[in-house]
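For reference, the structure is listed below as structure tokens.
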Amino acid sequence: MVQIGLFSSAFFTLLAIIFCFIFRKQTWIALLGSSLLTLGLFMPVSFGFLLVGTIITYFLGNKSQNTSKIGVGIGVLIGALVSYKLWETWMESRSLSLGDFWNEDKTWQIMGLSFFVFNAISYLMDIKRGYIKSTDSIFKLAAYLLYFPTLYAGPLHRFNYLNEQFDQAKITKKSFNNGMRLILWGLFKNFVVAQRLNQLQIELRQSDIGGWWTLLIGFIFFFYLYFSFSSFVDFFQGVSEIFNVRLKDNFHKRVYLSRNRHEFWRGWHITLNEWFRDYFFYWQMKFKFWRDKPYLLLLLTYLLIGLWHGITVKFFIWGFLNACWILMEKRWNIPERMENNNSYKFLEIGYHLLICSLLALVFIFPSIEGLFIRIGKPNFLPMDVFLFQKRNVVIIMAMCFMVDQYHRWSKDLRMDVYFESLPSWKRRLLYLPLILSIIFFGIFMKGMDNYYLKF
């Protein structure tokens with residue numbers, strides 16, 4: 001975690017625990033109060049924008065008998081997000097022109113705006129469709145939209161799901177233990193693995209690496225994204241679990257070993273993909289124009305997913321390439337063929353990682369032109385980087401193997417449930433490597449990164 005993220009998260013958790021002793025029978029009030037105070041203290045600009053958005057969403061929802069007003073409200077929310085994304089693109093292009101793209105100041109960012117807008121839209125659209133009734137309490141809506149863990153790191157949730165979780169929220173011995181287990185797991189993945197991968201890919205990016213060896217940057221960056229993104233979700237799932245609030249999973253454990261793009265997208269940013277499926281793709285399929293052109297609609301959906309990351313040419317191309325990859329696999333029935341044949345499993349994983357590394361380069365490079373220039377250089381692998389980083393490389397490989405081993409042992413169980421299912425002696429035996437790794441191999445200050453919060 002970044003320093004401010006870790007500190008604000010600890011502040012929220014401690015404050016919520018204290019408030020829970022005051023609001024014993026209504027823990028959701030303690031969670032709302034601690035969320036508002038944490039946002040107000042640490043992110044006052046974001047808090048002001050999001051509080052106004054919450055009030056607007058509440059009054060629009062209460063006008064559910066007038067669906068046209070809800071439609072206008074959804075348009076305003078989308079417009080606000082698009083405007084912010086365009087402003088973000090301008091700020092990043094400005095940083096790029098000043099030669100400081102990788103270290104630009106992010107104090108102007110509105111934290112959690114994408115999560116907030118998407119949750120607000122899902123709330124209003126569910127009311128408009130008649131799936132739910134609007135809440136009579138603005139505080140219940142605020143708890144849903146401004147809950148610190150989901151606002152900070154997602155995943156996306158529907159109003160009814162999170163509201164039911166709040167209704168049953170309370171601190172128990174079991175919930176506290178399971179929450180601490182997930183927090184430990186998230187800290188290990190971030191401090192020990194993600195931050196070290198980040199250091200390595202920065203060294204490579206700043207080196208003279210060229211030609212098709214540039215794919216190595218994409219390969220390392222892909223694994224960095226997985227460990228960084230999933231560790232944030234693990235950490236905040238743990239924070240919520242302390243209060244018996246179970247947040248949804250957002251990444252399958254071994255999604256990095258996907259055999260095709262279909263399998264990958266079923267396990268990557270799960271709730272974001274479900275949101276686009278339920279609130280865009282299926283909604284558009286009501287119209288005859290799109291029912292006759294499902295592949296074109298799928299292409300448009302992935303273009304929007306790309307632009308959700310940022311309204312730039314590179315994210316447009318990234319979304320387009322993902323759509324083309326998905327459509328190509330559909331055309332040749334690749335997922336079905338791979339599912340029925342495990343003979344070439346390792347080759348299939350290699351096939352996905354190879355193309356995935358190329359798409360990761362599109363994702364990370366400041367411009368497509370810069371990427372082409374780097375790939376167009378003579379093939380060169382700077383071995384001095386690996387010699388300089390040899391200790392780091394060895395630690396990364398060992399820690400990645402350890403994570404994968406834990407994933408294999410736990411199978412489909414969430415890590416806290418898996419640890420809970422073990423005998424106490426075995427559980428403590430598995431905690432020990434995680435704790436020792438954080439103490440001896442964790443990176444806490446220099447080079448820390450919060451790439452997940454960029455979106």
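The values are calculated or read from the model by the stated rules, or taken from the named source; none is laboratory data. All figures in this text were calculated on a predicted structure; none of them were measured in a lab. Quick reminder, even Gly has a Cβ in these numbers, built from the backbone with ideal geometry, and neighbours come from all protein chains shown. We work out accessible area using only protein heavy atoms, side chains counted, and drop any ligands, DNA or RNA first. Shrake-Rupley method; radii C 1.70, N 1.55, O 1.52, S 1.80 Å.
Values for this structure:
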| read-out | value |
| --- | --- |
| Options Asp449, Asp412, Asp416; residue that is open to solvent by less than 30 Å² (accessible area, probe 1.4 Å) and either modelled with pLDDT of 90 or more or touching a helix residue (DSSP H, G or I) at 6+ places or on another chain (Cβ under 7 Å) (or both) | Asp416 |
| Qualifying residues in segment 77-102 (those that are assigned to a helix (DSSP H, G or I) and exposed (fewer than 13 other Cβ atoms within 10 Å of the Cβ)) - the one modelled with the lowest pLDDT | Ser97 |
| Answer from Lys189, Lys253 - the residue that is in a helix (DSSP H, G or I) and among the basic types (Lys, Arg) | Lys189 |
| Candidate set from segment 6-39 (those that are open to solvent by 10 Å² or more (accessible area, probe 1.4 Å) and among the small types (Gly, Ala, Ser)); member that is nearest to the chain's Cα centre (by Cα) | Ala10 |
| Single residue of segment 294-333 satisfying the filter (closer than 26 Å to Leu113 by Cα and β-branched (Val, Ile, Thr)) that is most open to solvent (accessible area, probe 1.4 Å) | Val313 |
| Pairs where the first residue, in segment 234-255, is touching a residue at least 40 places away in the same chain (Cβ under 8 Å) and the second is among the basic types (Lys, Arg) and in a loop (DSSP other than H, G, I, E, B), C-beta under 8 Å, 6+ apart | Gln237/Arg246; Gln237/Arg414; Ser240/Arg246; Phe243/Lys170; Asn244/Lys170; Asp249/Arg414 |
| Lys106 basic (Lys, Arg), over 21 Å from the mean Cα position of the chain (by Cα), modelled with pLDDT under 95 and open to solvent by 40 Å² or more (accessible area, probe 1.4 Å) | no |
| Given (1) in contact with a strand residue (DSSP E or B) (Cβ under 7 Å, 6 or more places away or on another chain); (2) of a type outside the set (Ser, Thr, Tyr); (3) more than 26 Å from His309 (Cβ to Cβ), index of the condition Trp268 fails | (3) |
| Residue satisfying condition, being open to solvent by less than 20 Å² (accessible area, probe 1.4 Å), on the phi < 0 side of the Ramachandran plot and touching a Leu at 6+ places or on another chain (Cβ under 8 Å), within set Leu247, Leu272 | Leu272 |
| Members of segment 390-408 that are farther than 21 Å from Ile439 by Cβ and surrounded by 13 or more Cβ atoms within 10 Å (Cβ to Cβ) | Asp404, His407 |
| Failed item in (1) in contact with a Ser or Thr (Cβ under 9 Å, 6 or more places away or on another chain); (2) under 22 Å from Met402 (Cβ atoms), with Arg196 passing the rest | (1) |
| Pairs where the first residue, in segment 368-379, is over 16 Å from Leu321 (Cα atoms) and the second is surrounded by fewer than 16 Cβ atoms within 10 Å (Cβ to Cβ) and of a type outside the set (Phe, Trp, Tyr), C-beta under 7 Å, 6+ apart | Ile375/Gly211; Lys377/Gly211; Pro378/Gly211; Asn379/Gly211 |
| Conditions (1) touching a helix residue (DSSP H, G or I) at 6+ places or on another chain (Cβ under 8 Å); (2) of a type outside the set (Asp, Glu); (3) surrounded by fewer than 21 Cβ atoms within 10 Å (Cβ to Cβ); (4) at pLDDT 95 or above: number failed by Tyr161 | (1) |
| Residues (closer than 29 Å to Leu200 by Cβ and not in a helix (DSSP H, G or I)) located in segment 379-413 | Asn379, Phe380, Leu381, Pro382, Gln389 |
| Flag for Lys377 being at pLDDT 90 or above, of a type in the set (D, E, K, R) and open to solvent by 40 Å² or more (accessible area, probe 1.4 Å) | yes |
| Residue check for Gly130: on the phi > 0 side of the Ramachandran plot, surrounded by fewer than 15 Cβ atoms within 10 Å (Cβ to Cβ) and at pLDDT below 90 | yes |
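Residue-wise test of (1) at pLDDT below 95; (2) open to solvent by 10 Å² or more (accessible area, probe 1.4 Å); (3) within 25 Å of Arg254 (Cβ to Cβ).
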position: Arg181; (1), (2), (3): no, yes, yes
position: Phe188; (1), (2), (3): no, no, yes
position: Val192; (1), (2), (3): no, no, yes
position: Gln199; (1), (2), (3): yes, yes, yes
position: Ser207; (1), (2), (3): yes, yes, no
position: Trp212; (1), (2), (3): yes, yes, no
position: Tyr224; (1), (2), (3): no, no, yes
